[in-house]
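The values are calculated or read from the model by the stated rules, or taken from the named source; none is laboratory data. Here the structure is a predicted model, which is why all the values come from computation and not from measurement. Note that we place each Cβ from the backbone using ideal geometry, even for glycine, and neighbour counts take in every protein chain shown.
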Amino acid sequence: MIKEIIMPKLGETMEEGYINKWLKKEGDRVKKGEVLLEVMSDKTNFEVESPYDGYLRKILIQPSEQPVPVTTVIGYISDSMDEEIPSTASVQVRTEQKEETKSIATEKQEIQNISEEKRIKASPAARRIAGELGIDLEKVKGTGEGGRIEKKDVEAYAEMLEKTPESAGEKIEQLSPVRKIIAEKLLWSKQNIPHYYLSTKIIANGLENLKIIAQQQGKNYTYTDFLIFFVAKILTEFPLLNSSFENGKIHHYDSVDIGLAVNTENGLIVPVLRNLRNKNIDDISKLRQQLVEKARNNQLKKEDVENCRFAITNLGMFGVIQFQAIISPPGTAIMAVGSIEKEPVVIGDNIVIGKTMWISLSLDHRIIDGAYGGAFLQKLKIVLENPGILNL
């Protein structure tokens with residue numbers, strides 16, 4: 001009996017994935033639960049197991065930088081090597097039907113954006129591909145009815161650009177799969193989440209003293225370790241910042257989890273530190289080091305990155321004083337941390353040279369009001385400026 005292998009849906013928001021490599025070749029015997037291939041989605045590699053026993057009879061889609069919609073048939077498993085496999089035409093039809101369904105689902109949003117795009121006539125598929133490739137639709141000539149730009153028109157224009165000599169002053173670089181995922185996710189976030197921003201300046205002398213004391217004890221804690229520790233404690237008092245917003249509903253969690261933005265060779269990724277409610281600073285530092293190492297070695301699993309609700313991103317090491325970050329859905333908040341700077345500060349009635357640090361919150365206004373976010377930031381400022389009030 002012939003059985004289908006489909007591109008799996010590895011998360012609620014996943015619509016497509018990239019095949020990195022097949023770990024079995026055609027004709028190989030496979031067992032149910034044995035790893036068949038690697039798929040990348042949401043900037044993370046996942047191992048896909050065989051759902052059946054049998055032989056890998058046919059691989060329909062080879063590894064490439066082209067995304068494959070979820071539920072698309074990518075191969076067949078058979079009970080024996082003698083069974084006849086379906087024609088690939090049926091797969092093509094299924095893929096086209098998937099794209100058509102996706103287009104219909106996004107048609108309404110595309111229509112709303114027409115006025116902003118100077119009412120260019122283009123199909124949803126053409127707009128999507130143009131967005132992925134960074135192509136200005138105004139420069140594309142449509143061959144459809146009434147000059148409508150079709151998918152093939154965008155692809156032809158992209159092919160023409162690739163053949164354009166670099167001496168013309170323009171070099172075209174295709175987005176990598178990771179870069180495409182980053183672009184799609186953050187574009188969705190900015191278009192659908194009503195961001196607002198709150199900032200405050202922290203006097204960081206207390207944090208610096210903690211770091212010095214830890215070094216004297218042989219502990220190499222980072223400022224990020226301390227921030228994760230203190231934020232985790234305060235999040236227990238502000239459950240909305242530890243929630244997720246999905247399908248128009250607020251999901252609350254007992255577990256306090258914090259994502260950490262990590263820069264890797266393949267792009268930015270946000271692994272999540274789990275179950276921080278009762279962890280001490282030593283536990284958090286070790287966990288943070290383990291996740292950063294896994295991220296940079298491309299070893300993160302699905303469970304390491306999913307359901308990130310509150311995230312921290314730190315650009316202080318690059319001398320960035322202050323910035324505002326984009327929320328990673330389904331989360332509700334992200335905290336941007338700047339560099340620690342020397343400047344005059346008022347302590348009591350005296351002006352002294354102190355250490356300061358800007359912290360900025362990006363919040364989802366659908367569920368977090370300004371007063372709620374301000375109260376969290378106020379409490380965080382008090383704790384970071386007086387870190388002795390919480391036990392490490």
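Things to note:
- Checking Lys279 against (1) without any contact (Cβ under 8 Å) to a residue 60 or more places away in the chain; (2) surrounded by 20 or more Cβ atoms within 10 Å (Cβ to Cβ), the condition it does not meet: (2)
- Flag if Phe229 is in contact with a strand residue (DSSP E or B) (Cβ under 9 Å, 6 or more places away or on another chain) and not assigned by TED's automatic domain parsing to the domain that holds Glu47: no
- Within the range 128-149, considering residues that are assigned to a loop (DSSP other than H, G, I, E, B) and not acidic (Asp, Glu), the one nearest to Gln174 (Cα to Cα): Gly134
- Qualifying positions in the range 342-362 - under 13 Å from Lys201 (Cβ atoms) and hydroxyl-bearing (Ser, Thr, Tyr): Thr356, Ser360
- Among the residues examined, Leu10 does not qualify as modelled with pLDDT of 90 or more and not assigned by TED's automatic domain parsing to the domain that holds Leu186.
- Residues that are surrounded by 20 or more Cβ atoms within 10 Å (Cβ to Cβ) and either within 21 Å of Ile326 (Cβ to Cβ) or without any contact (Cβ under 8 Å) to a residue 12 or more places away in the chain (or both) within the range 245-260 comprise Phe245, Asp257, Ile258, Gly259, Leu260, listed in sequence order.
- Residue match in the range 361-372 (condition: more than 30 Å from Glu184 (Cβ to Cβ) and modelled with pLDDT of 95 or more): yes
- Qualifying position, being touching a helix residue (DSSP H, G or I) at 6+ places or on another chain (Cβ under 8 Å), farther than 28 Å from Asn266 by Cα and not hydrophobic (A, V, I, L, M, F, W, C), among Lys180, Lys233: Lys233
- Count - residues of the range 307-364 that are in contact with a helix residue (DSSP H, G or I) (Cβ under 8 Å, 6 or more places away or on another chain) and among the basic types (Lys, Arg): 2
- Each residue in the range 189-216 was checked for being surrounded by fewer than 16 Cβ atoms within 10 Å (Cβ to Cβ), over 21 Å from Ile347 (Cα atoms), of a type outside the set (A, V, I, L, M) and modelled with pLDDT under 95, and 5 pass.
- Ile228 being touching a residue at least 24 places away in the same chain (Cβ under 8 Å), part of a helix (DSSP H, G or I) and touching a Leu at 6+ places or on another chain (Cβ under 6 Å): no
Results for (1) more than 27 Å from Arg366 (Cα to Cα); (2) among the aliphatic types (A, V, I, L, M); (3) not assigned by TED's automatic domain parsing to the domain that holds Ala333, shown as yes or no for each residue.
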site	(1), (2), (3)
Leu198	no, yes, no
Lys201	no, no, no
Lys211	yes, no, no
Gln215	yes, no, no
Gly218	yes, no, no
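- Beta carbons closer than 9 Å, at least 6 apart along the sequence or on distinct chains, pair a first residue in the range 372-386 that is free of Cβ contacts under 8 Å to residues at least 40 places away in the same chain with a second that is of a type in the set (A, V, I, L, M) for Ile382/Ile389.
- Taking the range 264-360 and the strands (runs of 3 or more DSSP E) fully enclosed by it, the elements with 1 or more residues that are within 21 Å of Leu210 (Cα to Cα) and modelled with pLDDT of 95 or more are at 310-314, 333-347.
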